[in-house]
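*Asks:* Mind having a look at this structure? Questions to follow.
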Amino acid sequence: YTPTVGLVCQQFGLNFRRTRGMYFSSRDRGLFSSMVYNWPNPDVKVIVVTDGSRILGLGDLGVHGMGIPIGKLALYCAAGGVAPSEVLPVVLDVGTNNEELLASREYVGTQEPRLEGEAYYDLVDEFMQ
């Protein structure tokens with residue numbers, strides 16, 4: 001990513017003002033399908049999902065990685081003709097292994113080590129259903 005995009009992503013959680021997408025955490029297991037109905041637009045055509053683990057060149061940003069699906073969907077709207085009301089940015093909040101975020105009082109995500117292995121894949125499978 002360009003330095004500007006990288007900086008915005010790194011500071012995304014510090015500048016949190018309002019929800020710009022949906023966050024699903026391991027604590028929400030069993031509720032994913034009902035949570036989707038809380039999104040204000042029922043006619044979603046495109047969803048971009050991240051777990052914030054491997055943001056290119058930036059590493060593990062956890063839920064602060066929400067800037068990535070928001071940015072990608074903005075491109076689909078601007079250049080691809082997708083209506084902004086038809087997109088849904090999503091973060092799977094599965095924790096973070098970023099020590100700085102784990103120690104930060106401002107981190108808005110789950111402040112636990114990242115789910116891995118079977119527990120991680122079970123959560124992703126449930127989300128995809």
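*Asks:* Of the residues in the range 16-34, how many are at pLDDT 75 or above and under 14 Å from Ile70 (Cβ atoms)?
*Replies:* Qualifying residue count for the region: 4.
*Asks:* Return the only residue of Val8, Val49, Val63 being under 20 Å from Phe127 (Cα atoms), open to solvent by 60 Å² or more (accessible area, probe 1.4 Å) and either outside any loop (DSSP other than H, G, I, E, B) or small (Gly, Ala, Ser) (or both).
*Replies:* Just one listed residue meets the conditions, Val49.
*Asks:* Further question: If you check Val87, Val94, which single one turns out to be in contact with a Cys (Cβ under 7 Å, 6 or more places away or on another chain) and at pLDDT 95 or above?
*Replies:* After applying the criteria, what remains is Val87.
*Asks:* Is it true that Arg20 is on the phi < 0 side of the Ramachandran plot and either part of a loop (DSSP other than H, G, I, E, B) or under 13 Å from the mean Cα position of the chain (by Cα) (or both)?
*Replies:* yes
*Asks:* Shifting gears a bit: Considering only the range 35-71, state which residues are among the charged types (D, E, K, R) and either touching a helix residue (DSSP H, G or I) at 6+ places or on another chain (Cβ under 6 Å) or modelled with pLDDT of 90 or more (or both).
*Replies:* Within the range 35-71, Asp43, Lys45, Asp51, Asp60 meet the criteria.
*Asks:* If we scan the range 74-85, do we find a residue that is under 21 Å from Gln10 (Cα atoms), open to solvent by less than 60 Å² (accessible area, probe 1.4 Å) and not acidic (Asp, Glu)?
*Replies:* Yes, the conditions are met somewhere in the range 74-85.
*Asks:* Inside the range 82-104, can you point out the residues that are in a loop (DSSP other than H, G, I, E, B), of a type in the set (Ser, Thr, Tyr) and out of contact with any Asp or Glu (no Cβ under 6 Å at 6 or more places or on another chain)?
*Replies:* The answer is Ser104, and nothing else.
*Asks:* I want to confirm something. Restricting to the range 105-129 and keeping residues that are hydrophobic (A, V, I, L, M, F, W, C) and in a helix (DSSP H, G or I), which single residue is surrounded by the most Cβ atoms within 10 Å (Cβ to Cβ)?
*Replies:* My answer is Leu123.
*Asks:* Between residues in the range 97-112 that are more than 21 Å from Thr19 (Cα to Cα) and residues that are at pLDDT 95 or above and open to solvent by less than 80 Å² (accessible area, probe 1.4 Å), which pairs lie under 6 Å by C-beta distance while being six or more apart or on different chains?
*Replies:* Filtered contacts from the range 97-112: Asn97/Arg114; Glu112/Gly95.
The values are calculated or read from the model by the stated rules, or taken from the named source; none is laboratory data. From a predicted model like this one, the values you see are computed outputs, not experimental measurements. Neighbour counts run over all protein chains shown; Cβ positions are idealised from the backbone, glycine included. With ligands, DNA and RNA removed, areas are computed over all heavy atoms of the protein, side chains included. Shrake-Rupley method; radii C 1.70, N 1.55, O 1.52, S 1.80 Å.
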